[in-house]
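Only one structure is covered here, and it is reproduced in the block below.
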Amino acid sequence: MCSSSCPLTESPVVYIWYKNTEFLYQDSSPWYQELISSEESVTYSCAVRGYEHLRAPEVSLASLTSACFTVTYAKGRMCSNQQRPEDEPCSITYPREVHVQKTEADQHFKLACNTSCPQTEAQTITWYRNRRLEPAPQPVPISSPHSYSCAVKHLLSDEVCIQDEYCFTVNYVNRRICALQGSSVNISSEYSHPYYQQSKSKLWYKNRRSDMAAGEELIKNTDRIKFHGLMNRHILTINKLMKSDSAEYIFRIGSDAGKWSALPGVTLVVTGLEVMFSPSEEVTEGQRVTLTCRTSCPLTDNMNYIWYLNNQPLNLTKAQSKYLILDPVSSEHAGNYSCKVKMLQKSSLQKMLTVHRRKWTQAAIRIVVLLLVVIPIIVFLWIRRKMTSIQSPRTETSVNLEEVKQRILTVSSIRQTSSSIQRVQPSPNSSFNLCSNETDALSHMFHECYI
């Protein structure tokens, strides 16, 4: 929740939320509406529009349990009791419940302000007596007619009497309620009074914080508004809730001794439904898209949701929650989305999701062009090599036949030469003879024969 140290006078007040220093969204509700990450690297911050320069220090959620939660602040000044340098981060553990414990001892009571989680650090405790600031109480007499309460980190406990039959108390079952427009809500108060003083009046008041000048308004019984009393509990029921019902509701009991109430009262926030897309209303096929059926405050009760696409309910296999995830998104998911809560007729306004077809990037185009050029070249070279390997033996055979032919012609020429030599009569004193045998000529081609 985004809160300030003093009442805001602007009307209307618009709160701006940041995630990792980047703008996230703005809304009239001080409550944070998105999913909270438990990673310490994810930080959150807020500001009031017009005072963005006074942005709250960044904070991250370190741990969360049913009893307490720990947050880490980016600035040490948020942990004043730890005496840390202002620019260094610090962590604080906050309780989720606070109550006053009474311990009887020797005609008096000892009071302790206990929290729902172990006190890992010194915590600032504020005490109240009869709803007024009080120093840390000393042992209180058993016959004391006073009531006591305490607060830790702005979390207020219920009011406790030392003796229930001697004092007035007023407490609330829930101090913060978030409800949907068109639904019904019960605002409950528990009270006690001295046995000798009966309450003469039980009244509810409405205080619109957005209009401080209007003051408190007495709530009367109407067709939409009813009152119910049961033992020491008084219940205010509002049906068919409207945005104008958002306010602080205060219960008071009156007697001859005066009036008693518990302040602050119950804060009621009435919210509608709105469809939001993350990361955007316009996406590309293949992306992950998260749809949120958003409210301006965290709903008090667990709700079952119904999602619609182009006015037709989506038949989802899993239980439908306030989140609808499209992963991966395709062109079939494009259209008008709306959501509603079961048991209520009113649904959110439709919101369009636009899905663009996946575009070719410049790098992809270059790769395709390159492949179109290279593949034909590779195929051509492969075919050429194959043809060359087939033609090579034929060429070799042709060369061999030509060589044989040339040799036969040469032999034939030698034979003719030999015949002409035999016609010549050599001299008896000749010292050599030529080989005239055809067989010798063939076996000694191009060689001379010596006898």
List the lysines whose alpha-carbon lies under 27 Å from that of residue 318, not counting same-chain residues fewer than 8 positions away?
340, 342, 346, 351
Where Rh is the Kirkwood radius over Cα pairs, Rg/Rh for segment 230-316:
1.19
For segment 289-374, what is the accessible area per residue in Å², given a 1.4 Å probe and the full set of protein chains?
69
Here the net charge surrounding residue 219, from other residues whose Cβ is less than 13 Å away from its Cβ (Lys, Arg +1; Asp, Glu -1), is +3
Surface share of carbon and sulfur [accessible, 1.4 angstrom probe, percent] for segment 105-178
49
Show me, for segment 381-387, the HN-Hα J-couplings you get by feeding each phi into the Karplus relation (A = 6.51, B = -1.76, C = 1.60, θ = phi - 60°), rounded to Hz, glycine and proline as x.
5, 5, 5, 4, 5, 5, 5
Table column - 3J(HN,Hα) (Hz), segment 233-245, Karplus curve with 6.51, -1.76, 1.60, x for Gly and Pro:
10, 10, 10, 9, 10, 10, 9, 6, 4, 10, 4, 5, 7
When ligands, DNA and RNA are left out and all protein chains stay put, how many square angstrom of accessible area per residue does segment 1-68 have with a 1.4 Å probe?
60
Divide, for segment 154-229, the radius of gyration over alpha carbons by 2.2 N^0.38 Å, where N is the residue count.
1.34
In whole Å, what are the Cα extents of segment 159-299 along the three principal axes, biggest one first?
74, 32, 29
Give me the 1.4 Å probe accessible area per residue for segment 116-225, excluding ligands and nucleic acids, in Å².
57
Accessible area of segment 184-342 belonging to carbon and sulfur atoms, whole % at 1.4 Å probe
48
So if I average 1/r over every pair of distinct C-alpha atoms in segment 281-366 and take the inverse, what Kirkwood radius in Å does that give?
14.4
So for segment 246-287, what are the equivalent ellipsoid semi-axes in whole Å, largest first, each being the square root of 5 times an eigenvalue of the Cα gyration tensor?
50, 8, 5
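The values are calculated or read from the model by the stated rules, or taken from the named source; none is laboratory data. What you see is a predicted model; the values in this text were computed from it and never measured. Cβ sites come from the backbone with ideal geometry, for glycine too, and all protein chains shown count toward neighbours. With ligands, DNA and RNA removed, areas are computed over all heavy atoms of the protein, side chains included. Shrake-Rupley method; radii C 1.70, N 1.55, O 1.52, S 1.80 Å.
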